[in-house]
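*Asks:* Just dropping this structure here.
Since every read-out is calculated from the coordinates, none of them should be taken as a lab result. Because the structure is a prediction, the values reported are computed rather than measured. Ideal geometry is used to build each Cβ from the backbone, glycine not excepted, and the neighbour counts take in all protein chains shown.
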Amino acid sequence: MRTDELIAQLTGNLDPIRKGTVVRTLSGAILLGLAGSILVMLTALGLRHDFAAAVISFGMWMKLAYTFALAAVGFWLVERVGRPGAEMTKPGLFLALPVLAIAVLAALQMSAPGANIPVLVLGHSSRVCAFLVALTALPTLAATFWALRRLAPTQLTLAGVGAGLFAGAAGAFVYSFHCTEGAAPFVGLWYTLGILLTAGIGGFLGRFLLRW
Amino acid sequence: MIAQEAQYRDWMLAALTGDASAYRMLLEGLTRHLRSYYARRLDPGAAEDAVQETLIAIHVRRATYEPALPFTAWVYGIARYKLIDEYRRSKRHATVSLEEASDLFSHDATEVALARRDVSKLLAKLPPAKRQLVKDIKLDGVSVAEVAKRTGLSESAVKVTVHRAIKSLNDELVQNRENRDADR
């Protein structure tokens, strides 16, 4: 086809675009993905046995706040990474804020009098935590990829890492309802590793799965 | 700030609300930049394909343009992605440097118009049948298969004719330059 014919065709096929289309595409997919992650948590892992008591514990709220903050910045990253020409440094830098906050909290807990550092850092599930976070994150990662393919990511590895960071943080949020750990050093180390693991998976797969 | 930013952005914003005439001007303007961008980086056949692919991508993905961000950077992001895509497909290992969006927009319409005038003067030296072939394939981006179908020639005959015509024009240009240099 000649280029001028193509232009005529595209021009004749011009529907108005509603504002917020990108965010709607992303949110829709991500809600589905989150439902998948919750299902994995409830069926494969199970809600924590002391859930009723934990709802009012500091540890639970700290985990939720930490992972929610990372997921919120992650969502922002994903939204930008799907738009050509958008600058990524600022949301990238914002990721440091929650990490810094939990690092400070972890340092406080470890330097408190009578602190048992190995227990604070290793808890009782350090061997599986990061892997289970990534497992819980997988449905959300798949949904985020699906949505990103409908946007226009131009740096595929970076887009995959962004999707992985978001999905990892969302997965860790969901995983919080299974895991009984509540110490800041544990969460700051193993949850963060689980999120980074998911980001690595996303970065690796991005090149192959995000092409459009 | 790129000179065309304000004009193109206005057209794009109008297009997003469904204004077809603004959209046409936008796509026509962008086509000129894209042609020269890809012509400097790809083989002639692949270049026009890349222009069309980029136009389609711009159309299909137009919802990803965020009005708070520069429009030229958005287009450049897509153009660069399609260039990398083309290299990947042709298994050519090339690095695409992180140029600025200005690289896409530095070749403007006047320059193209002047070049077109020179080209049409040159083309006038060819016999009419050959001239039409060269014009269709090299300037208007018609595919070889289509021209072959229309003229009844085989695809390879079309390619060979165009190739010879270009070569004869090229020889003529060289000849002219040598004559001019000799006159001095």
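*Asks:* Starting from a Cα-only point model with no solvent, please compute log10 I(q)/I(0) by Debye for region A:1-50 at q = 0.13, 0.19, 0.29 1/Å.
*Replies:* Ignoring solvent entirely, the Cα scatterers give -0.59, -0.77, -0.99.
*Asks:* Also, I was wondering about something else. On alpha carbon coordinates alone, what is the Rg over Rh value for chain A, Rh being the Kirkwood radius? Let's see the in-between values first.
*Replies:* Details: Rg = 19.8 Å, Rh = 18.2 Å.
Ratio of gyration radius to Kirkwood radius for chain A: 1.08.
*Asks:* If you take all C-alpha pairs in region B:126-166, what percent of them are over 16 Å apart?
*Replies:* Working: 149 of 820 pairs.
When every Cα pair of region B:126-166 is considered, 18 percent fall beyond 16 Å.
*Asks:* OK, next. Could you give the C-alpha radius of gyration of region A:90-212 expressed as a fraction of 2.2 N^0.38 Å, taking N as the number of residues it contains?
*Replies:* On the way: Rg = 15.9 Å, N = 123, 2.2 N^0.38 = 13.7 Å.
Compared with the compact-globule rule of thumb, region A:90-212 sits at 1.16.
*Asks:* Under 28 Å Cα to Cα from B:Lys121, which lysines show up? Leave out anything in the same chain fewer than 8 places away.
*Replies:* Cross-link targets: B:Lys130, B:Lys135, B:Lys138, B:Lys149, B:Lys159, B:Lys167.
*Asks:* Would you compute, from DSSP H runs of 4+ residues alone, the mean residue ellipticity of chain B at 222 nm, taking -39500 (n - 2.57) per run and dividing by the full residue count, rounded to the nearest 500? Each step should come with its number before you reach the end.
*Replies:* Numbers: 9 runs with 131 residues, N = 184.
The helix contribution divided over chain B gives -23000 deg cm²/dmol.
*Asks:* May I ask you to list the lysines whose Cα is less than 29 Å away from that of A:Lys19, ignoring any residue fewer than eight positions away on the same chain?
*Replies:* Within reach: A:Lys90, B:Lys82.
*Asks:* So what is the 222 nm mean residue ellipticity for chain A from helices alone, if each DSSP H run of at least 4 adds -39500 (n - 2.57) and you divide by all residues, rounding to the nearest 500 deg cm²/dmol?
*Replies:* Result for chain A, helices only: -23000 deg cm²/dmol.
*Asks:* Please turn the phi angles of region A:27-41 into ³J(HN,Hα) values with the Karplus equation 6.51 cos²θ - 1.76 cosθ + 1.60 (θ = phi - 60°), one per residue in order, whole Hz, x for glycine and proline.
*Replies:* Karplus-based 3J(HN,Hα) across region A:27-41 equals 4, x, 5, 5, 4, 4, x, 4, 4, x, 5, 5, 4, 4, 4 Hz.
*Asks:* Right, here's the next one. Find how many whole Å separate the alpha carbon centroid of region A:149-211 from the alpha carbon centroid of region B:128-164.
*Replies:* Measuring centre to centre over Cα atoms gives 52 Å.
*Asks:* Between region A:46-76 and region B:29-67, what's the alpha-carbon centroid distance in Å?
*Replies:* Using only Cα atoms, the two centres lie 46 Å from each other.
*Asks:* Can you figure out the FRET efficiency of A:Ala65 with A:Trp212, using R₀ = 35 Å and their beta-carbon distance, to the nearest 0.05?
*Replies:* On the way: r = 35 Å, r/R0 = 1.01.
Approximately 0.50, to the nearest 0.05.
*Asks:* Convert each backbone phi in region B:133-148 into a coupling constant with the Karplus relation 6.51 cos²θ - 1.76 cosθ + 1.60 (shift: θ = phi - 60°), then list the ³J(HN,Hα) values in order as whole Hz, x for Gly and Pro.
*Replies:* 4, 4, 5, 4, 7, 8, 9, 9, x, 7, 6, 4, 4, 5, 4, 4
*Asks:* Let me ask something else. Roughly speaking, what % of Cα-Cα pairs in the protein assembly as shown are separated by over 38 Å, rounded to a whole number? If you can, show how the numbers build up before the last one.
*Replies:* Working: 30528 of 78210 pairs.
Distances greater than 38 Å cover 39 percent of the Cα pairs.
*Asks:* Can you tell me the orientation of helix B:109-123 relative to chain B, as the angle in degrees between its alpha-carbon axis and the longest Cα principal axis, to the nearest 10?
*Replies:* Once rounded, the angle reads 20 degrees.
*Asks:* Ok, one more. Using the scaling law 2.2 N^0.38 Å as the reference, what is the normalised Cα Rg of chain B? Could the numbers behind the result be given before it?
*Replies:* On the way: Rg = 19.0 Å, N = 184, 2.2 N^0.38 = 16.0 Å.
Dividing the Cα radius of gyration by 2.2 N^0.38 Å gives 1.19.
*Asks:* Just to check, using Stokes-Einstein with a Kirkwood Rh over alpha carbon pairs, what's the diffusion coefficient of region B:21-93 at 20 °C and 1.002 mPa s in µm²/s? Before the final figure, lay out each step's value.
*Replies:* Values: Rh = 12.7 Å.
D, rounded to a whole number, is 169 µm²/s.
*Asks:* Something else now. Over all directions, what mean area does the Cα convex hull of region A:1-101 project, stated in square nanometres? Show your work: numbers first, answer last.
*Replies:* Details: hull surface 44.0 nm².
For region A:1-101, averaging the hull's shadow over all directions gives 11.0 nm².
*Asks:* Using a 7 Å offset from the Cα along the Cα-to-Cβ direction at both B:Lys149 and A:Met88, what is the distance between the two label points in nm, to one decimal?
*Replies:* For the pair B:Lys149/A:Met88, the computed spacing is 4.2 nm.
*Asks:* Right, something else. With a bin width of 5 angstrom, please list the P(r) values of region A:58-121 as percents of all Cα-Cα pairs, from the 0 bin to the one holding the largest distance.
*Replies:* Histogramming region A:58-121 at 5 Å steps yields 4, 16, 20, 18, 14, 11, 8, 6, 3, 1, 0 percent.
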